[in-house]
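K.L.:
Please see the structure below; I have some questions.
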Amino acid sequence: MSDSLVSIRDVHFSWNPRREIYTGVSLEIPEGKITAIMGPSGTGKTTLLRLIGGQLRPSSGSVQVAGEEIPKLNREKLYKARRRMGMLFQSGALLTDLSVFENIAFPIREHYDFTESMIRDIVLMKLELVGLRGARDLMPSELSGGMKRRVALARAIVLDPLLMMYDEPFTGLDPVTLGTIVTLIKELNESLGLTSVIVSHDIRETFSIADHVCILSEGIIVAAGSPEELMNSDSEFVQQFVNGKPDGPMPFHYPAGDYTQDLLDGDI
Amino acid sequence: MGSSRTAEITVGALFVLGVLALFALAMNVSNISSFSADKGFNVTAKFGNVGGLKTKAKVTLSGVTVGRVTEIFYDKKSFRATVVMAIDPQYDYLPEDTQASIYTAGLLGEQYVSLEPGAEEVSLKEGSVIQLTQSAVVLEEIIGKVLVSLTTK
Amino acid sequence: MLNFLQTTGAHIIDTLSNLGKATLFLFNVLLGLKDVLLRPKVFVRELYSVGVLSMLIIIFSAIFVGMVMSLLGYITLVDFGAEESLGLLVSLSLIRELGPVLSALLFSGRAGSALTAEIGLMKATEQLASMEMMAVDPVRRIIAPRFFAGLITLPILTIIFMAIGIYSGYLVGSVWLGVDDGSFWSQMQSKVEFRHDIVNGIIKSVVFAFVVTWIAVFQGYNAMPTSEGVSRATTNSVVYSALAVLALDFILTALMFSNF
């Protein structure tokens, strides 16, 4: 498909041979849209982003970003490809010994020989986008969780990436900041012409901005479609996940032996 | 930035301190400042027995260090131990018939070569051989001799 | 029995794989030398936090070690009437042995553990991963300057340790215990060889610097990205450094000084 920026085909991945994380994941991320990857905790949603960013290599299968086969790139080409990607980490991952301004200037200083005034212009523009131009001289330790995430967002877009990846952007925020982040992701995607990938398990916020949603469970994509399609899906699993029912195809109980027998065994 | 300036200054101070310490070690603690064996001229002397003499041992003249032993080996032609000494060039006026003896500093100290000037006009120079030598005194030999002389009486 | 073999085997394989990882990592760090030289400002900051901040503990320890050496040496030597050799005793033991070893141990406790904790925390807070995603190699940008800073500063600190130790030993020996000034220094000067003793002492400290900083940065980089993992890595860093320094010291001493 020519209109997908990222295409993942039949990817297998495991941390150790006993526990497979992916058993054949295939998915397409269309250009210019917001795609959400959702699923219960512990299904390896973040791992998928690391595979796209080339920080991990799949045991088999193909990961293509803008036509380039990420796992096969050498170091130099991989680092070049990463300049076209931005990633927002859950914790923000700001460099703690640099100020807000220097954090955002960091990727520019590392990669380009710009003059100080050019760097200043770029950084202030990005900070204005996230509404934190006034906080440029603060240190990361002086910021609230929501502000950290906004600064990290500004840093992630400073090199004008094609692809933005958000790792759990909605967790642990107060309602107001949450609203800000949701709007920012939407606006950035439109104004900068980005392709966005959101990894999350927050149904309401994600469904409100995503164009396309994939649900990941037990190593494969179990359902995909637009938010409306998924809301109206007749699959029991999707209904359980979307509506947050405690029991269903996704069991409440961790697999265990017979309950009565287990209790009786304790008497011996 | 002020903090980076402090860092630069203190790192500079650390380096200066390191160089000063190395200088102090070199000049005050070790013997680099005194005689270095490279500069001297070499003279050899043959001994019947060098005892416990080692390379880098002192060569003295009336107790003043004038050189170092640089090499000790066994000469298969003369069947004697050959000692090569480097003598500081400022002592280029030693007569050719200077005598070399191996002594011990104190009862338990290390052994050294002591030179006693003779009366010749010609001086020792690079490659000269000292003819008059006195071997190291080996304690066991003396004890043995004393014992023999005591028992034969 | 089979179980025992299995766990032992797994342990050996684990150890080997860690060793391999550490070697590859070291190789990458060494390749980062170019990046270090291109960013002198970053390097100076690391020299400061690794070297200057360890200076105080090195100086104070050197003063006390020198004084203790001098006092103990005097008490022993005076029985043999050989207190003139005090300078020799203090200087040789500081230069050959105590200077390099104690500086390396203090350095691993002060700077090494800090390096491990700092790098481990950067990993736990995803700072290293975020750098990778910004197409900046954290090994070259973060680890390499710290490694080379350690490699350079520990030998300098060791030389300072030796000199200060000897001078404080002199203060105790000569000013307090009344050993003759001249013989204190002249005995020292006649027996301490610059090329043999001092240079070998410095070589020791360069080897220690290499090993201690390598262990410190690797433990940090390889730490589990949790608070427990970082604290374990910090402990490991100090313990492994101490063991490596003492074991290497034996080997180096045997190689350097045993033919006497």
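The values are calculated or read from the model by the stated rules, or taken from the named source; none is laboratory data. Only a predicted model underlies this, so the values are computations on that prediction, with no experimental measurement involved. Reconstructed Cβ throughout: ideal geometry from the backbone, glycine too, with neighbour counts over all protein chains shown. For accessibility, only protein heavy atoms count, side chains too; no ligands or nucleic acids. Shrake-Rupley method; radii C 1.70, N 1.55, O 1.52, S 1.80 Å.
K.L.:
Once you average over the residues of C:42-51, how many Cβ atoms of partner chains fall within 10 Å of each Cβ?
P.N.:
The shielding value for this peptide is 4.
K.L.:
Heavy-atom accessible area per residue, chain C, 1.4 Å probe: how many Å²?
P.N.:
That works out to 45 Å² per residue.
K.L.:
Out of the total accessible area of the protein assembly as shown (probe 1.4 Å, heavy atoms of protein only), what percent is carbon and sulfur?
P.N.:
61
K.L.:
Skipping prolines and chain starts, which residues have an amide H placed within reach, meaning under 5 Å, of the one on residue A:221, given they are 5 or more residues away or on another chain?
P.N.:
Hits under the 5 Å cutoff: A:26.
K.L.:
Sticking with this structure for a sec: If you take every DSSP beta bridge fully contained in region A:4-233, what fraction is antiparallel? Give it as a percent rounded to 5.
P.N.:
55
K.L.:
So for chain C, averaging the separation of alpha carbon pairs under 8 Å that are six or more residues apart and normalising by length, what relative contact order in percent results?
P.N.:
Worked out over chain C, it gives 31 percent.
K.L.:
How many nm is it between the label spots at residue C:231 and residue A:66, if each spot is 7 Å from the Cα in line with the beta carbon?
P.N.:
In this crude label model, residue C:231 to residue A:66 measures out at 4.4 nm.
K.L.:
Using amide H atoms built in the peptide plane, which far-off residues or other-chain residues are under 5 Å from residue B:67 H to H?
P.N.:
Close amide H contacts, sequence-distant or interchain: B:59, B:88.
K.L.:
For region A:219-225, take each phi angle, set θ = phi - 60°, evaluate the Karplus expression 6.51 cos²θ - 1.76 cosθ + 1.60, and give the result in whole Hz per residue in order, putting x for glycine and proline.
P.N.:
Listing the rounded values in order: x, 9, 7, 8, 7, 8, x Hz.
K.L.:
Taking Cα atoms of region A:3-93, Rg/Rh with Kirkwood Rh, to two decimals?
P.N.:
0.94
K.L.:
Taking Cα atoms, how many degrees apart are the long axis of helix B:139-152 and the longest axis of chain B, rounded to 10 and kept between 0 and 90?
P.N.:
20
K.L.:
Which of the peptides C:42-48, A:6-12 is most tightly packed, and how do the rest follow, going by the mean number of other Cβ atoms within 10 Å of each residue?
P.N.:
C:42-48, A:6-12
K.L.:
In nm, what is the difference between 0.36 nm times the number of residues separating residue A:141 and residue A:235 and their Cα-Cα distance?
P.N.:
29.3 nm
K.L.:
With the crude spin-label approximation of a point 7 Å out along Cα→Cβ, what separation in nm comes out for residue A:9 versus residue A:260?
P.N.:
Between residue A:9 and residue A:260, the label points sit 5.4 nm apart.
K.L.:
Hey, another quick one. What is the list of residues in region A:203-233 whose amide nitrogen lies under 15 Å from a point 7 angstrom out from the Cα of residue A:243, following Cα to Cβ?
P.N.:
A:230-233
K.L.:
How big a patch of accessible area, both sides summed and in Å² to the nearest 100, lies buried between C and B at a 1.4 Å probe?
P.N.:
It comes to approximately 2300 Å² buried between C and B.
K.L.:
For chain A, modelled as a Gaussian network with Cα springs under 10 Å, which listed residue fluctuates most, A:113, A:174, A:160?
P.N.:
A:113
K.L.:
Rounding to the nearest 20 debye, state how big the charge dipole of the protein assembly as shown is about its Cα centre with +1 on each Lys and Arg Cβ and -1 on each Asp and Glu Cβ.
P.N.:
1200
K.L.:
Chains C and A: what accessible area do they bury, summed, in square angstrom to the nearest 100, with a 1.4 Å probe?
P.N.:
Summed over both sides, the interface buries about 1800 Å².
K.L.:
At 1.4 Å probe size, with every protein chain present, just tell me what the per residue accessible area of chain B comes to in Å².
P.N.:
Value returned for chain B: 59 Å² of accessible area per residue.
K.L.:
Give me the inter-chain shielding for B:15-27: mean count of other chain Cβ atoms within 10 Å, whole number please.
P.N.:
The shielding value for this peptide is 6.
K.L.:
Please figure out what share of the DSSP beta bridges in region B:4-153 is antiparallel and state it in percent, rounded to the nearest 5.
P.N.:
Within region B:4-153, antiparallel bridges account for around 75 percent of the total.
K.L.:
May I pose another question? Quick one: helix C:144-170 against the long Cα principal axis of chain C, what's the angle to the nearest 10°, folded into 0 to 90?
P.N.:
20
K.L.:
Find out how many positive minus negative residues lie around residue A:32, taking Lys and Arg as positive, Asp and Glu as negative, among other residues whose Cβ is under 15 Å from that of residue A:32.
P.N.:
Net of charged neighbours comes to -4.
K.L.:
Sort out the exposed loop chymotrypsin sites (Phe, Trp or Tyr not before Pro) in chain A (DSSP loop, at most 16 other Cβ within 10 Å) and tell me the longest stretch that has none.
P.N.:
By the stated rule (loop sites, at most 16 other Cβ atoms within 10 Å), A:115-251.
K.L.:
Quick one: Karplus J couplings for region A:180-194, per residue in order, coefficients 6.51, -1.76, 1.60, θ = phi - 60°, nearest Hz, x for Gly and Pro?
P.N.:
Rounded to whole hertz, the list is 4, 5, 4, 5, 4, 4, 4, 5, 4, 4, 6, 6, 9, x, 7.
K.L.:
Right, next: Starting from the Cα-Cα distance between residue C:38 and residue C:68, subtract it from 0.36 nm times their residue separation and give me the gain in nm to one decimal.
P.N.:
Stretched out fully, the residue C:38 to residue C:68 stretch lengthens by 6.3 nm.
K.L.:
Moving to a separate point now. Between residue B:78 and residue C:181, how high is the FRET efficiency from 1/(1 + (r/R0)^6) when r is the Cβ-Cβ distance and R₀ = 30 Å? Nearest 0.05.
P.N.:
Computed FRET efficiency for residue B:78 and residue C:181: 0.05.
K.L.:
Could you check the spin-label model distance between residue B:13 and residue B:132? Points 7 Å from the Cα along Cα→Cβ, value in nm.
P.N.:
With each label point 7 Å from Cα toward Cβ, the separation is 6.2 nm.
K.L.:
In Å², what does the accessible area per residue of region A:1-147 work out to with a 1.4 Å probe?
P.N.:
On a per-residue basis, 48 Å².
K.L.:
Which ³J(HN,Hα) values, rounded to whole Hz and listed in residue order, are derived for region C:45-54 from phi using the Karplus coefficients 6.51, -1.76 and 1.60 in 6.51 cos²θ - 1.76 cosθ + 1.60 with θ = phi - 60°, glycine and proline given as x?
P.N.:
Calculated HN-Hα couplings, in order: 4, 6, 4, 5, 6, 8, x, 5, 5, 8 Hz.
K.L.:
About the Cα centre, and with charges only on the beta carbon of Lys, Arg (+1) and Asp, Glu (-1), how big is the dipole of region C:39-257? Nearest 20 debye, please.
P.N.:
Dipole of region C:39-257, to the nearest 20 debye: 840 debye.
K.L.:
Ok, one more. Starting from the amide H of residue B:128, placed 1.01 Å from N in the peptide plane, find each other amide H under 5 Å away whose residue is 5 or more places distant or on another chain.
P.N.:
Sorted by chain and number, the residues that satisfy this are B:44.
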